[in-house]
Structure formats: structure tokens, C-alpha cells
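Notes to accompany the following structure.
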Amino acid sequence: MKLWGGRFRKEENKLMEDFNSSLKVDKRLYFEDIKGSIAHVNMLVQCDLLTKKEGDDIVKSLLSILEDIENGTLRIEGSFEDIHSFVEAHLTERIGETGKKLHTARSRNDQVATDMRLYAKNKALEVIEYIEDLQNSLEKKAKENNVIMPGYTHLQRAQVITFQHHLMAYYNMLDRDRKRVLKAIDIMNESPLGCGALAGTTHTINRAMTAEELGFAKPVDNFLDGVSDRDYLLELMSDFSIIMMHLSRLSEELILWSSQEFKFITIDDAYSTGSSIMPQKKNPDAAELIRGKTGRVYGSLTSLLTTMKGLPLAYNKDMQEDKEQFFDSLDTVLSCLNIMSHMISTMKVNSENMKKAVKEGFLNATEVADYLVSKGVAFRDAHSIVGSIVIYCEDHHKAIEDLTLEELKSLSPKIEDDLYEYIDYQNILNKGIKVALLK
Ligand code: ARG
């Protein structure tokens, strides 16, 4: 049963039917589709376009369809064009003629636009919850591990920091991600229901009523824009891409830190896998998969941007492609946020190895230069003096703080006994990051 069969002299080719059907993808919109239809029917009754009895019958049947889908007695399958056709066909099957009145003053174009906005808005709120969960895991792990570690630039040991400070950098990135998603929700929060196919309807309907019932701030201002706007999906997918970029950077660090070369952390067995040939291997697959899946989220964004770029107003069938891309990108970001949160809360921090790396890396060299500045040496000269101190230390396999005052004085007569206190790692942290407790 086609919604549009009347104008056709021939049956649709089977190949074409399969090619055109989006049911396998958009079946997850069943709840929003029914919710949108109920709001539409309530409005039609209010505007005297349906009788009270007709409205009640339709709403009751829509609710029974919803219940049957949720308890598994009605499976969303068959040769239906999409979820909208599926629901309408089942409605008419259940209540006959009255069911055929549901689509009064509505097009699938405003219907699908409404379903997708409702779905995207709800799911965006779920993404925010997942972000907050990961932020909590990071904050907890950070607090429990207020230990010194080397900070890096160019992946070369640079200056002393704390593991807490490093993890909290990701907390802050995620906080911006959270705000971005909230902002996207605010911008998308307008109802396209009532835009019709592209030009509204000659029936006297009440768009403000459906907007309110569906929880939107207001109806959209322009019909053509309302049915063909996919900005909100692109905006969310951009936000998801940035989230994935952050998760991928964190994954990269977890992979490095858990390597034999670093040994800064141990990823829990529950979030690692082994090798089929090398018995000793424990691989950080969860982190690698997050890093890898970042590519597909970027891919979905690029795909939908490309789909949209040449489309004339208003609706074009190309837009049906939005769902597969958005759903995949959404599912990926949710599962990655979730796995990352578990990986962070279960990982072990090997603070002794971090401390050792700090000690071996001349991470107080900048502070030796700062010390010389405090003794009246110009910074550029101090920088050069410390360079020669580092060469001396390398040649003698010593850390700067392990040199005798005599050795230090031979490298710069400005150095006094108070240098040791100045370049002590804990003292540096107390002055700088002010968060570490040396363990
Ligand atoms: N399945 C379609 C989509 O997702 C629904 C809208 C169909 N509209 C139409 N004019 N054929 O885009």
C-alpha cells in the first residue's frame, strides 16, 4: 500500500522499492512519529478539522500501536516506504476510514522534519549526560592522583605538572563540548509541523499549539526553510566531531602512557584485549577503537554537508540520507563517551614511573633559568647557561639537583645554596600549578 499510489498507472519496480525504502533506518523514529501525530490530531480537533470522536479514535489507536511496538507484538518491518507509511498503514488497518484522515493538513516533509528534530533534541540531551559522566570519572581519577608527572611539548619532556592537572585539561575540553551541544539545542528548538510540503496549508491550523505540545519554543518562521533545514543535524554532528577529536587525543595519550616505554598507567583488563599469537600482549583496543571511530564521525559530517550543498529549496529526497549519517554519528559518540568513562575510572596510575620520568628529564631547567634571572642575569643569558648545565649533567649522568654546589658554581658563579630549594619539584608546583602533593 503506497501513500501516493493513486496517480500511478504501473506498480513500483521491486528494485526501486528497496532502493527507496528507509524503514530499516528510520524505524527508530517510531516514538517521535507517533508523538508528532498525536499533537497534530489534537490540533486538528481543536481547529474543527476532525470531530472529537475521530480524534479520540485516532489517538487511542496510535497509542495502541506504540504499546504494541514497545512490547514486541508489532515488529517494524515489511515493504513499507518509511516509518510514517508504516504507522499510517497500521492505523488505517486498525480503525478503517478514520485512520485515513490523520494526514489532513500535513505532508511527510513537515512530518519527518518534526520527528527528526524531536529525536535529535532528546538524544542531544543524552549526549550531555554522557559528557557529564565522563567529566565525573576524570575529576575523580584526577583528585585521587594528585601526583607529579612530566608535562610535554613536542612529546618531549618539558616542565613538571601533575597528573591531576593533565586530566583536568580534558575535563575543560568536555565542558566546552557540553556547552556547544546545549547551544545547538537552543537554536534548533523550533517546530516545523504545519509547514506542509513546502507552502503551509489552506486549512486553518494552529502551529503554535502543536509547537507547544511537542515542547518546542515556537513554530519556524518560514515554511520552505522549516521542511528543508538540516542545519541542526550538521551542527550537532560538528559538535560530535569535536567531542570525538577530544576523545581521540585522550585515547592517544592512554595508548602512549600504557606502553612499555611509558608505563605511566595500566588500563584495566576489562577494557583491554590480547593477541592470538603473542601470549604476553595486552592491547589498549578500547582507546584505539575510539581513536579509529573518530574518522567515521568526521565522515558522517562531511557526507551530510556534501549531500546538502547543492539542494534547491525545498524538500528533496536526498535529505533522506541525513538519518543514516546522523544516527551513526550519534551512536558512535555515545558509545565512545561511555567506554572512555569506564576506562578512565578503572585505570591504575603508576605514580612512581611518572616521578622517575620527571627526575630524568631535567624538568626543572626552566626554573634554574628563572633562578638566575632572580639573581640579576638576563633571561637569554640564563637560558644559555642552563643549556651548558644540562650538557654537563648529561655527560656526568646526573640530575641538576644532584650536582654539588661546587660543580654548579663552576658553571655559573651566580648560583648559591638556595638554588636547591628553588628547583625542588614540589616547590615549583606550589608556585605554579599549586595543586600537587608530592607522594
Ligand atoms: N522517508 C522520507 C525522508 O526521510 C520522508 C519524507 C518523504 N517525502 C517525500 N516528499 N517523499 O526524507
Next item on the list: Send over a whole-number figure in Å² for the accessible area per residue of region 323-439, probe 1.4 Å.
Entry: 50
Item checked: Unit charges at the beta carbon, dipole of region 262-367: most positive-side option, THR366, ILE267, ALA286 -> THR366
Next item on the list: Working from Cα positions, state the angle (0 to 90°, nearest 10) between the long axis of helix 351-360 and the longest principal axis of the chain.
Entry: 50
Next item on the list: Would you mind getting the accessible area per residue of region 237-308, heavy atoms of the protein chains only, 1.4 Å probe, in Å²?
Entry: 49
Next item on the list: Hey, can you grab everything whose amide H is under 5 Å from the amide H of THR162? Only 5+ residues off in sequence or another chain; H modelled, so Pro and N-termini drop out.
Entry: MET149
Check: How many percent of the accessible area of region 1-71 is carbon or sulfur, using a 1.4 Å probe?
Finding: 55
Notebook entry, point to check: At a 1.4 Å probe radius, carbon and sulfur cover how many percent of the accessible area of region 351-439?
Noted result: 55
Notebook entry, point to check: Hey, any idea what % of region 189-293's accessible area is carbon plus sulfur with a 1.4 Å probe?
Noted result: 52
Checklist line | Cβ-placed point charges (K, R +1; D, E -1), dipole of the chain about Cα centre in debye, nearest 20 | finding: 420
Notebook entry, point to check: How far is helix 108-144 tilted, in degrees, relative to the longest principal axis of the Cα atoms in the chain, given as a value from 0 to 90 rounded to the nearest 10?
Noted result: 20
Next item on the list: At 1.4 Å probe size, with every protein chain present, just tell me what the per residue accessible area of region 85-144 comes to in Å².
Entry: 38
Checklist line | region 13-71, dipole about Cα centre (Lys/Arg Cβ +1, Asp/Glu Cβ -1), debye to the nearest 20 | finding: 60
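Rounded, prolate or oblate, given the Cα gyration tensor of region 1-102, with a/c below 1.5 counting as rounded?
Oblate, because a/c is 1.5 or more while a/b does not exceed b/c.
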Checklist line | Point-charge dipole on Cβ atoms (K/R +1, D/E -1) for region 342-384, about Cα centre, debye to 20 | finding: 140
Next item on the list: Enumerate the calculated ³J(HN,Hα) couplings along region 266-283 in order (Karplus 6.51 cos²θ - 1.76 cosθ + 1.60, θ = phi - 60°), each rounded to whole Hz, writing x wherever the residue is Gly or Pro.
Entry: 10, 7, 4, 3, 4, 10, 10, 9, x, 10, 6, 10, 9, x, 7, 6, 9, 9
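Which of the chymotrypsin sites (Phe, Trp or Tyr not before Pro) found in region 229-298 are in a DSSP loop and have at most 14 neighbouring Cβ atoms, other than their own, within 10 Å? Walk me through the numbers before you get to the answer.
Working: sites: TYR232, PHE240, TRP257, PHE262, PHE264, TYR271, TYR298; in loops: PHE262, PHE264.
Here no chymotrypsin sites (Phe, Trp or Tyr not before Pro) fit, given the DSSP loop and packing criteria.
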Notebook entry, point to check: Rounded to the nearest 500, what is the chain's calculated 222 nm mean residue ellipticity when only DSSP H runs of at least 4 contribute -39500 (n - 2.57) each, over all residues?
Noted result: -20000 deg cm²/dmol
Notebook entry, point to check: How large is ³J(HN,Hα), in whole Hz, for each residue of region 233-250 in order, when computed from phi with the Karplus curve 6.51 cos²θ - 1.76 cosθ + 1.60 and θ = phi - 60°, using x for Gly and Pro?
Noted result: 6, 5, 5, 5, 5, 5, 4, 5, 5, 5, 4, 5, 4, 5, 5, 5, 5, 5
Margin query: How high is the relative contact order of the chain? Use alpha-carbon pairs under 8 Å, at least six apart in sequence, and give a whole percent.
Written below: 17
Next item on the list: Measure nothing but the geometry: give the 0 to 90° angle between the long axis through the Cα atoms of 52-70 and the longest principal axis through the Cα atoms of the chain, rounded to 10°.
Entry: 50
Item checked: Anisotropy class of the chain from Cα gyration tensor, a/c 1.5 cut -> prolate
Notebook entry, point to check: For the charge dipole of the chain, defined by +1 on Lys and Arg C-beta atoms and -1 on Asp and Glu C-beta atoms about the Cα centroid, which residue among ILE243, THR332, LEU305 has the Cα displaced farthest towards the positive pole?
Noted result: LEU305
Check: Could you sort VAL227, VAL349 by accessible area so the largest value comes first, with the probe set to 1.4 Å?
Finding: VAL349, VAL227
Notebook entry, point to check: Around GLY274, with a cut-off of 9 angstrom between Cβ atoms, what is the net charge of the other residues, counting Lys and Arg +1 and Asp and Glu -1?
Noted result: +2
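The values are calculated or read from the model by the stated rules, or taken from the named source; none is laboratory data. This one's a predicted model, so the numbers in the text were calculated from it and none came from an experiment. Virtual Cβ from ideal backbone geometry, glycine too; neighbours counted across all protein chains shown. Calculation scope for accessible area: heavy atoms of the full protein, side chains included, ligands and nucleic acids excluded. Shrake-Rupley method; radii C 1.70, N 1.55, O 1.52, S 1.80 Å.
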